[in-house]
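Peer 1: I have a structure I would like to understand better, so I am pasting it below and will then ask my questions one at a time.
Just so it is clear, none of the values below were taken in a lab; they were calculated from the coordinates. No experiment lies behind these values; they were computed from the predicted model shown.
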Ligand code: RP5
């Protein structure tokens with residue numbers, strides 16, 4: 001398959017999925033898209049470093065990644081992941097955003113790096129009224145992700161914080177799905193408990209003892 005054919009086959013697949021009108025339980029609620037696979041460690045989370053959107057969705061909130069639309073995962077709540085480059089594959093970006101709502105998505109997490117990080121804001125414009133949460137993959141990407149004109153909304157997280165973007169996406173979904181609200185609350189309770197345990201440990205062991213662990 002040539003490069004042009006491989007992009008076109010993705011476009012054809014997205015358009016075919018949009019026309020299928022699948023039941024909502026069989027389609028992903030969340031999309032994670034990024035400008036390049038070099039963004040994957042930031043967007044999904046790095047195996048050796050900071051966790052990201054993939055990690056919090058799968059490990060904390062019970063989501064599964066959907067890779068085959070004919071055979072959706074068992075979990076009620078799923079997400080899909082794609083590389084969509086605003087500059088190198090503008091046609092794919094357009095089709096991706098334009099078909100998103102018809103393909104059953106409820107919220108898109110979009111990340112890009114570099115100074116001209118246009119994928120999040122262009123996706124937000126095309127997919128409107130679907131909410132898009134922008135992730136600047138690098139510090140220098142921040143102005144181009146958040147700098148939308150009045151009337152063209154995007155919400156965004158700080159540079160590299162795809163983890164928080166996923167939590168925000170689930171907060172949006174939780175208004176309709178009480179079980180997701182419960183999972184978000186349980187996650188937060190775990191955070192609180194962790195701080196409490198560390199605080200007690202530091203206090204009772206003293207600084208040198210705590211550091212020696
Ligand atoms: C951006 O350019 C991508 O989001 C990525 O962060 C950056 C570099 O892309 P590659 O050259 O690594 O593919 O569009």
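Peer 1: Divide the volume of the convex hull of the Cα atoms of the chain by its number of residues and quote the answer in cubic angstrom per residue. Each step should come with its number before you reach the end.
Peer 2: Values: hull volume 32.4 nm³, N = 213.
Convex hull of Cα atoms, per residue: 152 Å³.
Peer 1: Between helix 178-212 and the chain, what is the angle of the helix's C-alpha long axis to the longest principal axis, kept within 0 to 90° and rounded to the nearest 10?
Peer 2: For 178-212 against the chain, the angle is about 40 degrees.
Peer 1: Determine, at each q value in 0.16, 0.20, 0.22 (inverse angstroms), the log₁₀ of I(q)/I(0) that the Debye formula gives when each Cα of the stretch 30-139 is one equal point scatterer.
Peer 2: Log10 I(q)/I(0), no solvent term: -0.69, -1.07, -1.26.
Peer 1: Distances longer than 15 Å among the Cα atoms of the stretch 81-129: what percent of all pairs is that? Please report the intermediate quantities before stating the final value.
Peer 2: Values: 433 of 1176 pairs.
Taking all Cα-Cα pairs of the stretch 81-129, the fraction more than 15 Å apart is 37 percent.
Peer 1: Angle between the Cα long axis of helix 90-99 and the longest principal axis of the chain, 0 to 90 degrees, nearest 10?
Peer 2: Tilt of helix 90-99: around 80 degrees.
Peer 1: Can you give the calculated 222 nm mean residue ellipticity of the chain, where each DSSP H run of n ≥ 4 adds -39,500 (n - 2.57) and the sum is split over every residue, rounded to the nearest 500 deg cm²/dmol?
Peer 2: Working: 7 runs with 94 residues, N = 213.
That comes out to -14000 deg cm²/dmol.
Peer 1: Compute the distribution of all C-alpha to C-alpha distances in the stretch 1-74, in bins of 10 Å from 0, and list the percent of pairs in each, rounded to whole numbers.
Peer 2: Over the stretch 1-74, the share of Cα pairs per 10 Å bin runs 16, 38, 35, 11, 0 percent.
Peer 1: Still on this model: What angle, in degrees between 0 and 90 and rounded to the nearest 10, separates the Cα long axis of helix 162-174 from the longest principal axis of the Cα atoms of the chain?
Peer 2: 80 degrees
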